[in-house]
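Engineer: Pasting a structure here, questions to come.
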Amino acid sequence: MLKGNQFYHSEEGDLVFAMMTCGNVVFMFQTFESLSNELPLVSRENGGSLLLYIQTNEIRNFFDKIKDKVKVIKGLEKTFYGATEFSIEDNNGYLLTFAEVEEKE
């Protein structure tokens, strides 16, 4: 579980996103610029945007199970903040990002 607020910066030092907690709920705020190249579905051109970020376990097995049944927007990759993620577009046009965060030793 995330403890407190966390802020993540790019290699250049720019603020990319922040994660803030309220009880058991984690809010993630991210800049459009940091998403625009890899996830163009997230934009403000047609009103509000929504990206659902879903944490899961055994992400590689899950990805292998669904990759041929869904529209993959961004394949499996390890992020600079330590999560392994992939993104799909669901049948209603929403962007879903699945992530697994491995505990640091």
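Engineer: Calculate one ³J(HN,Hα) per residue across segment 75-86 by plugging θ = phi - 60° into the Karplus curve 6.51 cos²θ - 1.76 cosθ + 1.60, and present them in order as whole Hz with x for glycine and proline.
Structural biologist: Once rounded to whole Hz, the list reads x, 4, 7, 8, 8, 5, 9, x, 9, 9, 9, 8.
Engineer: Could you work out how much longer the chain between Ser10 and Asp68 gets when fully extended? Use 0.36 nm per residue separation minus the Cα distance between them, nm to one decimal.
Structural biologist: 17.7 nm
Engineer: Would you please give the FRET efficiency between Leu51 and Met20, computed as 1/(1 + (r/R0)^6) with r the Cβ-Cβ distance and R0 = 22 Å, to the nearest 0.05?
Structural biologist: Rounded to the nearest 0.05, the efficiency is 0.85.
Engineer: Here's a follow-up. Let me understand segment 59-105 better: what is its radius of gyration from the alpha carbons, and its Dmax, in angstrom?
Structural biologist: Reported Rg and Dmax, both Å: 11.3, 39.
No value in this document is a laboratory result; all are computed from the given coordinates. This is a predicted model, so every value here is computed, not measured. Cβ: placed from backbone, ideal geometry, glycine included. Neighbour counts: every protein chain shown.
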